[in-house]
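A.B. asks: There's a structure below that I have some questions on.
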Amino acid sequence: MAQGACRRAGEVRLVGLTHHHPGAEAAAVADVDLTVASGGSLALVGPEGAGKTTVLRLVAGLDRPVEGRVLLDGVDVAGLPAPRRPVAAVFGRYSLFPFLDVAANVALGLRGSGSLAGAPDPRGRALATLAGRAGTARRVREALELVRMGDYARRRPPQLAPAHQQRVAIARALVLRPRVLVLDEPLGALDDDDLRVRLAADLCALHRQLGITMIYATRSAGEASAVAERVAVLANGRLLLEAQPAEDAVARARADDDPAGDLPAGDVDAMLAAADDPGAGAPAA
C-alpha cells in the first residue's frame, strides 16, 4: 500500500530564497539556503513570524519568491504554480467541508485529475469516467487506511474529534501521491499534550513507511525532535542554524542565544526571543 500511496520522493533545495509580503518593509524570509534529501525530513523551528509558513508556501507554490530558487531534484520550480508541483500541503486549520463526508473531502484533492475528455466516443468516455471513479475510490481508501481512518469514510467532519479531522486533512494530501509533503503546525489546534505526542509519533512512522520527503514547521522543539531527522532554526525570516539530529540544533541555538542557560527546555518562543541578531530586522509577518 505504501508504494501505491505516494510517488518517489524528491530532493528539495532552497537557494538564496527571499520573499516580501505586500506592504511589509522587512523580508518575510531573507537569503535562506536549505537542502532536504530525497526521502528525508526537516523541521523548521521558530516563533510566530519567524518565516516558517512563508518557506512552506514557497516550496508548495502558493507564493513565488522575490529572489532565489526552489529546486526539486535539481529543477527550478519557483515559477510553477502549485497544481503543477508534486508537492502537497497540510495546515493547522483543517479546511474540511462539513456537508461532505470524509471520503468526499479526501477525494477533492483529485478533482479533475482523472479527466478523460479525449476518449474517442460517448461510450468510451462513459467507460473512462467509470474507471476514473473506481481509481479515485481506490486511492481515497488507501489514503484513509494510511492514517487509520478507513472506518470513518462515511462520517462528516462535525462528527469527528479534532485529531481525527487532522488525520483526514493529512489523507487529503497523501491521496495526491506527492513527492514532497509540507506541514505547517499541523498539531497546533490540539490542546491535549498527550494527543499531540501520539500524533507526532504517528507522523514520524508514516514518514518512514512512505519514504516521502517531508518539511514540517513548528514552534515546539520537542515536536521537531519527534518528527524530523534534521532541524533548521529560523528567526526574523533568517536561518540561524541547521543541524542533525534535531536535539543538537535546538541545544546549540539555546546555548548561543542564552549563555546563562536559564531558558525553559523546549520553549522555542522564549529561546528565539532572546536571540541577538541585529541584522535580522523586524519580525516577519
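Read-outs throughout are calculated quantities, based only on the coordinates presented, and are distinct from any laboratory measurement. Keep in mind that this is a model prediction, so the values were computed, not measured. Cβ sites come from the backbone with ideal geometry, for glycine too, and all protein chains shown count toward neighbours.
A.B. asks: How much net charge surrounds HIS19 when only other residues with a Cβ under 13 Å from its Cβ are counted (Lys, Arg +1; Asp, Glu -1)?
C.D. replies: Result for the local shell: +2.
A.B. asks: Could you give each residue of region 68-73 its phi-based ³J(HN,Hα) in whole Hz, using Karplus coefficients 6.51, -1.76, 1.60 with θ = phi - 60°, and x for Gly or Pro?
C.D. replies: So the Karplus estimates, Gly and Pro as x, are x, 10, 10, 9, 10, 6 Hz.
A.B. asks: Short version: ³J(HN,Hα) in whole Hz for each residue of region 143-154, in order, from phi by Karplus 6.51 cos²θ - 1.76 cosθ + 1.60 (θ = phi - 60°), x for Gly and Pro, what are they?
C.D. replies: So the Karplus estimates, Gly and Pro as x, are 5, 5, 5, 4, 9, 6, 10, x, 7, 10, 4, 9 Hz.
A.B. asks: Would you list MET149, MET214 from fewest to most Cβ contacts within 10 Å?
C.D. replies: In order of increasing Cβ crowding within 10 Å: MET149, MET214.
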